[in-house]
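Coordinate-derived values only; no laboratory data. Keep in mind that what you see is a predicted model, and the values were worked out from it rather than measured. Every residue, glycine among them, receives a Cβ derived from its backbone with ideal geometry; neighbour counts consider all protein chains shown.
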Amino acid sequence: METAVNDPILKVRNLRLTIPLGAGSLNAVRGIDFDLQRGETLCIVGESGSGKSLTALSIIDLLGRGIERRADRLEFDGIDLLKAGRSQMRSLRGDRMAMIFQEPMTSLNPAYTIGDQLVEAFRLHRKADRAAARARAVELLEKVGITAAASRLGQYPHQLSGGLRQRVMIAMALMCEPELIIADEPTTALDVTIQAQILHLLAELTREMGVAMILITHDLGVVARVADKVAVMYAGELVETGTAKKVFEAPVHPYTRGLLGCIPVPGRTQRGAPLGAIPGIVPSLISEVSGCAFRSRCAEATEACGAFIPHRVASEGSHSFRCVHESGRKAGAEAGT
Amino acid sequence: MLVFILKRLGLAALVAVTVSAISFSLLFLAGDPATALAGEQATDVDIEAIRRLYGFDRPVLVQYWDWLAKALQGDFGESYYFKLPVADLVLQRLSITMTLGVCGISFALLTAVPLGVIAAIRPNSLIDRLALLLSVMGQAMPSFWFGLMLIVIFSIQLGWLPPSGTKTWVHFIMPTVVLGYYAMPAIMRLTRAGMLEVLASDYIRTARAKGAGEGRVLFKHALRNAIIPVVSLAAVQMGFMLGGSIVVESIFALHGAGYLAWESIGRNDLPTVQALILIFSMFYIVFTFLSDVVNAWLDPRMRAG
Ligand SMILES: Nc1ncnc2c1ncn2[C@@H]1O[C@H](COP(=O)(O)OP(=O)(O)OP(=O)(O)O)[C@@H](O)[C@H]1O
Ligand SMILES: [Mg+2]
């Protein structure tokens with residue numbers, strides 16, 4: 001298949017993920033669309049259970065048994081992932097697309113040395129000899145800021161701290177110079193003091209190496225600094241997507257605005273004032289949800305919210321949202337100016 | 001790793017000394033050995049003579065030291081019943097028991113581990129159910145009944161296998177199956193449970209995310225971690241098989257060490273019982289030590305000791 005340089009590395013159209021349960025089935029992801037350009041960082045934000053991890057896992061084809069994946073298009077560099085067989089997916093994973101998980105403490109195999117685990121993908125995909133793979137491993141450990149890199153190769157995961165392990169995981173993901181890295185809350189399990197450090201390292205390295213990244217995080221402060229694009233997920237849908245600048249400066253969807261209100265902004269939030277926590281709960285996704293899933297928690301909800309909610313384009317092309325309210329758009333536009 | 005091995009060796013030696021003291025004290029727990037030896041019609045004078053002859057009149061610690069020093073040199077005294085050196089007697093019987101034990105545990109491991117792995121890969125599948133059925137049967141069926149059934153079918157009805165004796169390897173087939181099948185269910189369940197747990201772990205997902213194939217994921221990443229508790233269990237079972245294969249040895253008339261122990265207890269042949277208990281315990285100690293070493297090799301976290 002012909003692919004031009006400025007074609008997106010990842011193209012997702014109408015992605016749906018369903019988990020069959022005893023009685024019905026859980027529509028965990030309900031038709032999401034996005035494009036990811038080469039070298040670009042997309043941050044997915046949204047509350048717990050909104051389907052962020054499932055979306056990430058579906059791209060790299062590591063969904064748990066039984067979870068159904070459907071989409072109109074799911075393409076990686078022009079390769080149709082929906083049609084890719086197991087062995088083709090295997091040859092992509094760890095080579096051209098890599099993943100970094102949430103739990104550094106348990107994501108490394110306790111029985112093998114850091115070195116063995118670092119070189120594994122490189123040797124599998126590049127058919128490199130041991131010496132070359134180890135040299136590459138040392139190079140990357142140094143890149144992720146690990147001192148005495150060569151001597152670390154012989155250490156076991158239990159001998160390293162959580163922060164170091166996550167650095168190792170990052171190095172491992174970068175071994176084969178992937179074109180796409182998916183990082184699912186890579187720092188949630190870490191000490192607060194090193195969270196930002198690790199995220200910035202990740203952002204810096206992906207930028208430097210020109211790797212596209214999907215970063216799932218709850219840390220909106222980090223999103224503001226590292227994201228090119230932001231996708232806001234709610235109840236299995238992307239309710240708002242756009243460049244980080246647009247979404248942060250002129251959020252349109254009431255949920256996005258609520259979410260942004262949840263973080264204290266130095267200077268703007270007054271001390272002691274309550275944060276904009278969003279009251280209410282997410283609707284059940286077991287049956288079909290009609291209309292806007294956020295309307296039960298939305299201050300602006302009207303009758304129109306029960307009908308089909310189309311994608312709408314905000315001020316510029318790269319900023320879209322799903323909300324029927326014109327007021328949201330205006331409020332967003334005003335806040336942005 | 002070397003420090004770990006030395007530490008474990010020290011521990012094993014300590015346990016061995018304790019066990020030797022216990023097996024020595026058996027002599028006295030069983031009543032006055034001189035009276036027992038002298039027989040029913042003996043007079044007090046006879047008993048006194050025997051007491052002096054065997055050295056039972058000396059302080060206990062001296063006797064223990066004397067016994068231990070000789071035992072370490074392979075001298076376990078003379079059997080009261082056979083009037084032969086216990087060491088020769090035990091050695092001859094032990095080779096049968098060892099053969100049976102090694103065959104039994106190998107049979108158990110070679111059937112249980114693959115079955116457990118397959119069952120874990122496909123939980124609730126037909127093979128999983130079959131494996132469960134096999135293990136439930138293994139647990140429910142008494143060894144003597146299973147052994148007798150095998151004899152009825154393969155020796156009497158079909159005439160394929162000899163029902164008793166130890167002359168050729170063919171004689172060991174049925175005893176191996178009976179003994180191994182006894183150990184199989186626990187090993188299989190532990191393998192299955194371990195594999196299920198490990199396969200659901202984060203590092204297996206990491207391995208898959210690297211593009212590792214199924215075989216690599218299963219055998220390199222999963223099995224090595226899942227097998228650790230199985231090693232410890234197999235060591236205990238191996239020790240148990242050596243000492244506790246009495247039933248199997250009786251059914252198939254394999255006159256091994258287990259059978260000898262059983263006979264000797266009945267005959268009050270204390271030196272033989274003592275020696276066997278000491279040797280069986282030493283086996284346990286050796287197997288536990290070996291399993292610790294194997295596990296430390298499998299799991300670096302255990303090397304800290
Ligand atoms: N294997 C599974 N079986 C059943 N339900 C699942 C499974 N995996 C995920 N879910 C459900 O799917 C929904 C989306 O899960 P997902 O893990 O993608 O959320 P998330 O956005 O990543 O949340 P978090 O921020 O907590 O990580 C949740 O309601 C979750 O309970
Ligand atoms: Mg998640």
In segment A:38-59, anything assigned to a loop (DSSP other than H, G, I, E, B) and away from ligand 2 (no atom under 14 Å from the Cβ) is listed as A:Arg38, A:Gly39, A:Glu40
Flag if A:Arg207 is at negative phi and either of a type in the set (S, T, N, Q) or in contact with a Gly (Cβ under 9 Å, 6 or more places away or on another chain) (or both): yes
Which one of the conditions (1) touching a Leu at 6+ places or on another chain (Cβ under 8 Å); (2) away from chain A (no Cβ under 13 Å); (3) over 16 Å from B:Ser232 (Cα atoms) does B:Gly211 fail to meet, given that it meets all the rest? (2)
Considering only segment B:238-258, I want to know if a residue exists there that is surrounded by 19 or more Cβ atoms within 10 Å (Cβ to Cβ), touching a Gly at 6+ places or on another chain (Cβ under 8 Å), farther than 28 Å from B:Met141 by Cβ and away from chain A (no Cβ under 14 Å). no
Can we say A:Gln102 is more than 17 Å from B:Ile204 (Cα to Cα) and either within 14 Å of chain B (Cβ to nearest Cβ) or within 13 Å of ligand 2 (Cβ to nearest atom) (or both)? no
Residue list for segment B:43-69, restricted to those being outside any helix (DSSP H, G or I) and under 16 Å from B:Tyr80 (Cα atoms): B:Gly55, B:Phe56
Would a scan of segment B:187-197 turn up a residue that is charged (D, E, K, R), within 14 Å of another protein chain (Cβ to nearest Cβ), out of contact with any strand residue (DSSP E or B) (no Cβ under 6 Å at 6 or more places or on another chain) and part of a helix (DSSP H, G or I)? yes
Please go through segment B:262-298 and pick out each residue that is within 14 Å of the chain's Cα centre (by Cα) and not β-branched (Val, Ile, Thr). B:Leu276, B:Leu278, B:Phe280, B:Ser281, B:Met282, B:Phe283, B:Tyr284, B:Phe287, B:Phe289, B:Leu290, B:Ser291
Take segment A:9-54 and flag every residue that is free of Cβ contacts under 8 Å to residues at least 60 places away in the same chain, surrounded by 15 or more Cβ atoms within 10 Å (Cβ to Cβ) and more than 9 Å from ligand 1 (Cβ to nearest atom). A:Leu15, A:Arg16, A:Thr18, A:Asp35
Residue count for segment A:106-135, restricted to those that are among the basic types (Lys, Arg) and more than 14 Å from chain B (Cβ to nearest Cβ): 2
